[in-house]
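The values are calculated or read from the model by the stated rules, or taken from the named source; none is laboratory data. Note that the structure is a prediction, hence the values are computed from the model and not measured. Reconstructed Cβ throughout: ideal geometry from the backbone, glycine too, with neighbour counts over all protein chains shown. We work out accessible area using only protein heavy atoms, side chains counted, and drop any ligands, DNA or RNA first. Shrake-Rupley method; radii C 1.70, N 1.55, O 1.52, S 1.80 Å.
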Amino acid sequence: MRQIKCNSLECGQHVLRKATHSKRRSLTMSIRNLGSLFQPRSIAVVGASNRPRSVGFALMNNLTGAGFKGPIYPVNPNESAVAGLASIADVTLLPEAPELAVIATPPDTVAPIIAELGRKGTKAAVVLTAGFEGAEGKARKQQMLEAARPHLLRIVGPNCLGIAMPGIGVNATFAPAPILPGNLALLTQSGAIATSVLDWAQPRGIGFSAVVSVGNMTDVDFGDMLDYFAMDRGTDAILIYAEGLTQARKFMSAARRAARVKPVVAIKAGRAEEGARAVSSHTGALAGADAVYDAAFRRAGILRVSGFEELFDAAATLARMPKQASNDLVIVGNGGGAGVLATDQLISEGGKLAALSAATIARLDAVLPRTWSRANPVDIIGDAGTERYAQTMTALLEDPDIHNVLVIYCPTSVVTSEEAADGLISVLPTGEKSARKNVFASWIGEATVKSGRTRLAEAHIPTYETPERAVHSFMHLVRYRQSQDLLLETPSAIAPVSAQEREKAGTYIRQALADGREWLDAAEIAGFMGCYGIPFVRTGAAADGKGAAAIAAAFGTPVALKIRSRDVIHKSDVGGVALNLVGAAAVEKAADAITASVSKKQPQARHEGFIVQEMIQRPGAYELIAGVTTDPVFGPMILFGHGGTAVEVVRDKSLELPPLNTALARAQIGRTRIASLLKGFRDRPPADIDGVVAVLMQLGNIAADHDEVSEIDINPLLCDQHGVIAVDCRIRVRPAKGAPQARMAIRPYPQHLETMLTAGAQHVSIRPIRPEDETALRALAEAVGDQGLWHPFFAPLRDRSHQTAARLTQIDYEREITLVAFDGDRMTALVRSVSDPDFDTAECAILVPPGPAAHELSAGLMRSLLAALKALGVHNAELRFPQDRNEMARLAAELGLRPTSSGAWGALDLGK
């Protein structure tokens, strides 16, 4: 094999590499050098101390007592030894470059220390020191970053507890409690929360693969750590305590990727307004509206919980019970009351009791006392022993329609908790946990059940202290899987807005900004909405009363007349609105009255004519609200809910991050109370929910297409069985800041990559893949055949499943590019690339069926892909293929890749 790099595929392949010479991205999205942070071979402690109750003292005690195998270098000019280790007076005198440095020195000393460590070759540092807030602190923070940047030295903190990796004997924290090894990564923005969680977890036997107190997140942040621990094989689940986030797109991209690999569970502090203010003063981060964080976590696939116990319960459930087929549950126990409590909790949270088949009831009749419940919950009576638990579970687990079982034990003097646990453990399937059904337990009580819980924990059976907690944790599993399924649901396609219509919509915005206005008027709004196909009440603009009367006559219906003035925002307040006008004479008379009223109440207002709008008569239609709001952290958000004049009182709304597809829009509608009314009831037919879906999707498109739009408020949006129509709307615009679409937390569909390609006799369209392409992708996989699906990108398509195809069509445009060629409705080829979090290298692959145009298709697609990667900021692209693919070698030569003198494939500058 000839290659220059092979980091993800087995041998027997060429690796073709090309340097894109793109504009280098900053380290705002990077896992570079995090290996030195979380897998260090040597550690220096700058500020180590022998003074009891100091941070440096506690830090050295924890670090030397955790069992780290590498060298530890205490640095303190005033000590000859610390914790039994020879002290070094200054970092310049260290015998080697420590891979990790932990710094607990005064704030003004941190930047010089970082600079010296960087010069020595250190690649990671944890700064425990506080004092980086306020104007003076911000200057220190900037000095620290500038000292680290030339050396690519990564920094956790400042103002943090430290980090710990118990599995390799690293406890670089000043936490008081020992930290057990385990498979949970805890990432927290609060050091105090970290110490509390660790103190709570230790007696419960909960262990961690890593504990990271991120502090002020000056460099390493949640996005970086999600990227790292998503790939960490020692981490089964990621737990987050967050007070506020920055760099929303980076976070969302990393979180979406991590949540597809393993469970991510989060507590977000600051739910109440008062709590949000406390968070802001604590971390200096923008807390943002709590509903916005709900929407962001939901879209990323993160499960949000409200407290520590719930955090660990959810993590244990998700990590140990990965399969979830349904929300139905069988409850088994030796006490009827406990089963009733579990049932109440299950039903209140939207679950349901599983039905027992006649065959399963017959099997249970044969092994249980005649007085058993003969229904679910399965009451196996208070004297149930090891054998009865085992026989009951055998019958239930062998029923193919039963997927989830909660087993309850209430203490009795007849059977010990250990004996009951042994009965359950003895019949569980062995082997990979993926082969198991979901079985979890609640051994109720404390004094007499501890040893039984220990047995269950050793058998990796999730165990809870009460039936209610057990069921609540099970429903976390249900909701988590439902959210993952929703994110992979195949949406319907809708016709895209043309470039001409987008440009026309932009003219209304540019005109308003040129006039010094931040609100579009009704005539502009009508034209703007028309560009995006959002039904809007018929609207016309006139210079005077006569012109308004002519428009009203043309409408032939009752109309509303409004003053047109950039200076009048609340028109009703100054008598600038007249309703239900019939006939030209009435309109002219109303125009005179409006002019007089506005002139009197707001004499400085400029009169620019009148707006004429048709009065909509839709008795019985539902009043909805739909719009766009802009969050300071996550950018544009799509709002939907129950509208009308009481919108603030009813408070029935749901938020979603754009861009939307049909599946996401339907789910957003479904989260509101008014959704049940829209479905129809009694003699009310179902309303046009499809029309609402289309409006929400187009609002998402508007947010992506026009960075100047900061606010849209459609209220009411009338909806009934005949359709939807916007009756009133406000659109606020402001000059755009930053790069196009940079404010979007999720990178929208990259429409600019659409093009045409001629390959032989074929004229195909090239565009990025979309979620609705799932069926076409599976058809392409069928045409290529299993043998052609050799690359790991495409090998999962051999199962032809919805889930696999959905993961390849519903991509993160921030890190992935998949370009597809379509001949009509048929997908004829694709190229795919996935960039590493540093945007250093993108791995590329080609999927093209054999045929006379295959080579030209591959070449055209690859050229488009390489250009897109260059624009995205990726530095190198790698193309991999088996050695026997001669046609790929020919393609490589055409793309400018040539063998080097050593026989490897070399790098060429695409800019040349």
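Numbers below:
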item	result
Unit charges at the beta carbon, dipole of region 350-447: most positive-side option, VAL378, VAL427, LEU368	VAL378
Cβ-placed point charges (K, R +1; D, E -1), dipole of region 533-649 about Cα centre in debye, nearest 20	300 debye
Cβ-derived FRET efficiency at R0 30 Å, SER572 paired with GLU349, nearest 0.05	0.10
Surrounding net charge for VAL693, when Lys and Arg each add one and Asp and Glu each subtract one, Cβ distance under 14 Å	-2
Calculated FRET value between GLN604 and GLU136, using beta carbons and R₀ = 41 Å, to 0.05	0.35
Dimensionless Rg over Rh [region 143-219; C-alpha; Kirkwood]	1.04
Contact order relative to length of region 596-680, as percent, for alpha carbon pairs under 8 angstrom and 6 or more apart	19 percent
20 Å cut-off, amide nitrogen to a point 7 angstrom out along ARG517 Cα→Cβ, residues in region 581-602	591-592, 594-602
Compactness index (Cα Rg / 2.2 N^0.38 Å), the chain	1.09
Mean Cβ count within 10 Å, highest first, over the residues of peptides 168-178, 339-349	168-178, 339-349
Crossing angle, helix 55-65 versus the chain [Cα axis fit, 0-90 degrees, rounded to tens]	60 degrees
Solvent-accessible surface ranking, highest first, for THR416, THR463 at 1.4 angstrom	THR416, THR463
Residue-averaged [θ]222 nm for the chain, counting only DSSP H segments that reach four residues, each worth -39500 (n - 2.57)	-11000 deg cm²/dmol
Span from the region 336-366 Cα centroid across to the region 92-138 one, whole angstrom	59 Å
Candidate aspartates and glutamates - alpha carbon under 13 Å from LYS450, same-chain residues fewer than 8 apart omitted	GLU418, GLU419, GLU458, GLU465
Surface/4 of the Cα convex hull for region 523-637, nm²	9.0 nm²
Charge dipole (debye, nearest 20) of region 450-490; +1 at Cβ of Lys and Arg, -1 at Cβ of Asp and Glu	220 debye
Hull shadow area, averaged, region 189-264 [alpha-carbon convex hull, nm²]	5.0 nm²
Region 586-742: translational diffusion in µm²/s, Stokes-Einstein, Kirkwood Rh over Cα pairs, 25 °C, 0.890 mPa s	140 µm²/s
Dimensions (Å) - region 739-849, Cα atoms, principal axes, largest first	40, 30, 25
Cα-projected label distance for ASN61 with ASP683, points at 7 Å along beta-carbon direction, nm	7.9 nm
Fraction of beta bridges assigned by DSSP in the chain that are antiparallel (%, nearest 5)	60 percent
Accessible area of the chain divided out per residue, in Å², using a probe of 1.4 angstrom	41 Å²
Relative contact order computed over the chain (Cα-Cα under 8 Å; 6+ residues apart), in percent	11 percent
Test item: Cα-centred dipole of region 626-717, Lys/Arg +1 and Asp/Glu -1 on Cβ, debye	640 debye
Net length gained if the chain between VAL582 and SER326 were fully extended (0.36 nm per residue, minus Cα distance)	86.3 nm
Centre separation in Å (Cα based) which lies between region 819-879 and region 471-536	29 Å
Accessible surface of the chain, 1.4 Å probe, proportion on carbon and sulfur as whole %	52 percent
Partner aspartates and glutamates for LYS601 [C-alpha distance under 18 Å; skip if fewer than 8 residues away on the same chain]	ASP567, ASP573, ASP592
Distance (nanometres) between label positions extended 7 Å along Cα→Cβ at LEU428 and GLU501	5.6 nm
Charge dipole (the chain, unit charges on Cβ, about Cα centre) - positive-most of HIS763, ALA745, MET252	HIS763
Two-site label geometry, GLU309 and ALA362: point separation in nm, points 7 Å out along Cα→Cβ	4.4 nm
Among the listed pairs LYS653/LYS679; LYS562/LYS600; LYS562/LYS653; LYS138/LYS262, those beyond 26 Å (Cα-Cα)	LYS562/LYS653; LYS138/LYS262
Additional length obtainable on full extension of the chain from LYS546 to MET231, 0.36 nm per residue less Cα span	106.4 nm
Förster radius 41 Å - calculated FRET efficiency between GLN787 and ARG651, Cβ distance, rounded to 0.05	0.10
Modelled label reach - GLN617, point 7 Å along Cα→Cβ, region 546-566 residues with backbone N closer than 13 Å	556-559
Pairs of alpha carbons in region 38-141 whose separation is greater than 16 Å (percent)	55 percent
